[in-house]
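Student: The structure is given below, and queries will be raised subsequently.
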Amino acid sequence: MLEINYKHMKNKKLIALLTDFGDRGHFVGAMKGVILDIDQDIKITDISHNIEPQNILEASYTLSDTILYWPAGTIFVVVVDPGVGLGRKSLAVRTRSGHIILCPDNGILTAVMNNPGLEDVRVISEAMNRLPGSEMFHTFHGRDIFAYDAGRLATGQIDIDNIGFKMEEQIVTLPIQISTIKYKTIEGAIVKIEHPFGNLCTNIPRALIEDLEIMAGDSLSYEIFESEGLIHKGEMPFVNTFGEVNQESPLAYIDSSNRLGLAINMGNFSREYKVNAGLSWLIRIKSPD
Amino acid sequence: MLEINYKHMKNKKLIALLTDFGDRGHFVGAMKGVILDIDQDIKITDISHNIEPQNILEASYTLSDTILYWPAGTIFVVVVDPGVGLGRKSLAVRTRSGHIILCPDNGILTAVMNNPGLEDVRVISEAMNRLPGSEMFHTFHGRDIFAYDAGRLATGQIDIDNIGFKMEEQIVTLPIQISTIKYKTIEGAIVKIEHPFGNLCTNIPRALIEDLEIMAGDSLSYEIFESEGLIHKGEMPFVNTFGEVNQESPLAYIDSSNRLGLAINMGNFSREYKVNAGLSWLIRIKSPD
Amino acid sequence: MLEINYKHMKNKKLIALLTDFGDRGHFVGAMKGVILDIDQDIKITDISHNIEPQNILEASYTLSDTILYWPAGTIFVVVVDPGVGLGRKSLAVRTRSGHIILCPDNGILTAVMNNPGLEDVRVISEAMNRLPGSEMFHTFHGRDIFAYDAGRLATGQIDIDNIGFKMEEQIVTLPIQISTIKYKTIEGAIVKIEHPFGNLCTNIPRALIEDLEIMAGDSLSYEIFESEGLIHKGEMPFVNTFGEVNQESPLAYIDSSNRLGLAINMGNFSREYKVNAGLSWLIRIKSPD
């Protein structure tokens, strides 16, 4: 949906952080310190540190929903890492859009695999690419490997081509429900909640809505399941934006990531109907007759 | 209260963000990406992204309580936008203090209208000033209009003088209770809660307190109403700072924005007495006899 | 544990903020504005603004757990300040590692006193070193003194050597339980909770664990007390990292700050066992027989 502008891909120093480390502890400060100790001129920008702890799916979609807006060459450090220290691979990836991602190989690339797609995947040689003196630590690769390598990539001390061998195997992916149409019914996954508003983000792209010839003003019926149990169902208008329905009323719309969203105008859909997001949460949408 | 120093008003690239987008989703990251894709050298600073969802009054006072501390020329992107996509105007404003504000026309300028005051108000011509390719999106002007235009203003690609026509009508303002003195009673609004401490921020300026000849050490009686219902009343000393009263005791004081504040020393006034802020929340203060 | 690299100690402009001001109000924005109004080229980085309100101990350890990762010369503005406006001293400190800290004299330096240690402690002459026009405010030294002086230190307008007299007395320290070994039992304090994961951070260094010849794979028994009351006790394996135990199982490990930590793999130890941190929280660890 965006044309990526390679003209900006200079040798600039821009690092964007996305983690579940929270905004209260020493984690984020230590990562920033490590980067700035390599070169104080590196520009560090926070995307979020409040991904739900260990929620790899939320991190994956948060990354894919922002990455194409950033200049090519930006280095994304994406750390949600429940398997830290257990031998899972550390990856350095170049996307088809010219962005760099450093992350654990645990499914966090699931959403960007399709869009923008991966061009080069490297397994970081950790022995040669970790913060000197950090060998004794086993629980904080965000600082000791990912931040450190991001800083060295940003300054050109290392390059993604020599950070490690090309990955031979498949990367880990999350078993997310693919969005489909069958018999005028669209099925898809609820991939994250848009906090603090409580909007539901599905993986159903605008194209599927258009295939079913759903138009602004149509009424949609929907069912939401967790692990095959029906949690909530209802009917709502498909509109362009929140204020087209009454306050406290539900709506369906194409969200800012070009996928189907569900919301309550001036309310919180997730909280109101006790709906959450994750690999076990599905949604079915029926087109109007 | 501050002398604005125009000597700093160089053509520098400083953008400050204030939104209700939260610190967990893709919203803030997308805004920052759009700005940095225009020019990686633009300096972006976060004021807050945790304004209560849709709380325009809180955003308005948070803006007015910080703006004069920033260098003239700073571009404030202020987005609390429940009416997004419904035809409300997008504004670009120059204040009397030489600051730039980009925001929806929904009341968010209420507090800065008086202080520092508005010098030039433009209605952004959205067709010519939105992120290319974003026409299909109706719910995220923070990214598609305000961040994009802030980036272009910061680099000088556009100027506030040619971003749109001068606003002819009045801007939208919130119907906030003006602070007054009648018969030795001061009445005013509770405009926000100072999280995380739970202090009450009123719109009663220091001058009204001085008019009533209230002095440090005086005892004040007060009543707090929501929609004309009495919620809480009591008596408390008027002092300079928190630690002048016992722990867990209430106090009144002139806060860091030069208005009357109410707090509990080492406690949380808002939570303790179930007092909140907003257009329906009023406070009455009686001077000592 | 880290070798401090003095080669980076140029006259660069790097300020790191650590406060309990929260991420919602005008406090942080006002501090940043004051700094950038001194010089827009100063680089400001957030460590955290979500230290628990008034929790000086948490701030102290959060500072000490990050400071050595930052380049020497970095100016840390650390403000948790329940005694603001009451005459407690404002300090400007140079550590043995070449870092600068601006903070109230209220115990917030307790953890850095030992590591990295303090080299020069100055009492800020507030009359000469506060934001012009701020004399009428008594509740926000974070803005009016600490941010203002950090900006002037960053630009070289003032120097720590002339910001005030050398401190003659002892600085305030928190009465924290020293970690000890007696009869094969290690005793120490629980100094903070690692949010959002709920891990317990103790002040028991790796060296004490090694002194007791505790090895990866050993089973440890532990007791946790608040004010001498037993809150929780149990047994858990001492391992290198979280995923070595089953999901929802507890573990002990050397954390990323080189001290003993307690956690639940994919869980929240603090919430599960209602254990908190602070001066009254103690832990006893028994080595295997």
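The values are calculated or read from the model by the stated rules, or taken from the named source; none is laboratory data. Remember, predicted model here, so these are calculated numbers, not experimental data. A quick note on method: Cβ atoms are made from the backbone with ideal geometry, for glycine too, and the neighbour counts reach across all protein chains shown. Heads up: the accessible areas ignore ligands, DNA and RNA and are worked out on the full protein's heavy atoms, side chains in. Shrake-Rupley method; radii C 1.70, N 1.55, O 1.52, S 1.80 Å.
Student: Restricting to Cα atoms and excluding each atom paired with itself, what does the Kirkwood estimate give for the stretch C:133-240 in Å?
Tutor: After inverting the mean inverse Cα-Cα distance, the result is 18.7 Å.
Student: What is the distance, in nm, between label points placed 7 Å from the Cα along the Cα-to-Cβ direction at A:ASP120 and at C:SER221?
Tutor: Using points 7 Å along Cα→Cβ, the separation is 5.7 nm.
Student: Put a label point 7 Å from Cα along the Cβ direction on A:THR185, then list its distances to the equivalent points in the other copies in nm, shortest first.
Tutor: Result for A:THR185, in nm, nearest copy first: 6.3, 6.4.
Student: Averaged over its residues, how many other protein chain Cβ atoms are within 10 Å of peptide B:133-145's Cβ atoms?
Tutor: Other-chain Cβ atoms within 10 Å of each residue's Cβ, averaged: 4.
Student: Please compute the per residue accessible area over chain A with all protein chains in place, 1.4 Å probe, rounded to a whole number of Å². Don't skip to the answer; put the middle values down first.
Tutor: Working: 11010 Å² over 289 residues.
Normalised by residue count, the accessible surface of chain A is 38 Å².
Student: Let me ask you something else. What's the minimum Cβ distance from chain A to the axis relating it to C, in whole Å, and which residue gives it?
Tutor: With distances in whole Å, chain A gives A:ASP23, 4.
Student: If you look for lysine pairs in the stretch A:182-289 that are eight or more places apart or on different chains, how many of them have Cα atoms under 22 Å apart?
Tutor: Close lysine pairs under the 22 Å cut-off: 10.
Student: Taking the Cα atoms of the stretch A:201-289 alone, what are Rg (to one decimal) and Dmax (as a whole number) in Å?
Tutor: Answer for the stretch A:201-289, Rg first and Dmax second: 12.3, 33 Å.
Student: Using R₀ = 45 Å, calculate the FRET efficiency as 1/(1 + (r/R₀)^6) where r is the Cβ-Cβ separation of C:ALA127 and B:GLU248; round to 0.05.
Tutor: Working: r = 33 Å, r/R0 = 0.72.
Step by step, r from the Cβ atoms, then E = 0.90.
Student: Can you work out the PRE-style zone for B:GLU228? Point 7 Å along Cα to Cβ, and I want the residues of the stretch B:260-289 with backbone N under 17 Å.
Tutor: B:279-284
Student: Modelling each spin label as a point 7 Å along the Cα-to-Cβ direction, I'd like the A:ASN258/A:LEU86 distance in nm, to one decimal.
Tutor: It is 3.6 nm.
Student: Would you mind listing the distances between the C:GLU213 label point and the same position in each other copy? Use 7 Å along Cα-to-C-beta, nm, one decimal, shortest first.
Tutor: With the label placed 7 Å along Cα→Cβ, C:GLU213 yields 8.2, 8.2 nm.
Student: Restricted to Cα positions, what overall size does the protein assembly as shown have along the principal axes? Three whole-Å values, descending.
Tutor: So the three principal-axis extents are 79, 76, 50 Å.
Student: Still on this structure: Report the accessible surface area buried between chains C and A, summing both sides, using a 1.4 Å probe on protein heavy atoms only, in Å² rounded to the nearest 100.
Tutor: 3300 Å²
Student: Please report, for A:SER280, the nm distances (one decimal) from its label point, 7 Å out from Cα along the beta-carbon direction, to the equivalent points in the remaining copies, shortest first.
Tutor: Ordered by distance, the counterparts are at 3.9, 3.9 nm.
Student: Could you calculate, for the stretch A:67-188, the ratio of the Cα radius of gyration to the Kirkwood radius, expressed as Rg to Rh?
Tutor: My calculation puts Rg/Rh at 1.04.
Student: Could you grab the relative contact order for the stretch C:190-289? Cα pairs under 8 Å, six or more apart, rounded to a whole percent.
Tutor: 38 percent
Student: Run lengths n ≥ 4 of DSSP H only: what is the helix-derived mean residue ellipticity at 222 nm for chain C, with -39500 (n - 2.57) per run over all residues, to the nearest 500?
Tutor: -4000 deg cm²/dmol
Student: Go through B:SER287, B:SER227 and list them by solvent-accessible area, largest first, probe radius 1.4 Å.
Tutor: On the way: B:SER287 15, B:SER227 85 Å².
Reading off the accessible areas and sorting them downward yields B:SER227, B:SER287.
Student: Please state, to two decimals, what the Cα-based radius of gyration of chain C comes to when divided by 2.2 N^0.38 Å (N = residues).
Tutor: The reported ratio for this selection is 1.08.
Student: As a test question: what accessible area, to the nearest 10 Å², does A:ARG24 have when a 1.4 Å probe is rolled over all protein chains in place?
Tutor: 50 Å²
Student: Can you classify the stretch C:133-185 as rounded, prolate or oblate using the Cα gyration tensor, where a ≥ b ≥ c are the square roots of its eigenvalues, rounded means a/c under 1.5, and otherwise it's prolate if a/b beats b/c and oblate if not? Don't skip to the end; give the middle numbers.
Tutor: Numbers: a/c = 3.01, a/b = 2.28, b/c = 1.32.
Here the stretch C:133-185 falls in the prolate category.
Student: For a quick size check, give me the Cα extents of the stretch C:1-139 along its three principal axes, largest first, whole Å.
Tutor: 44, 32, 30
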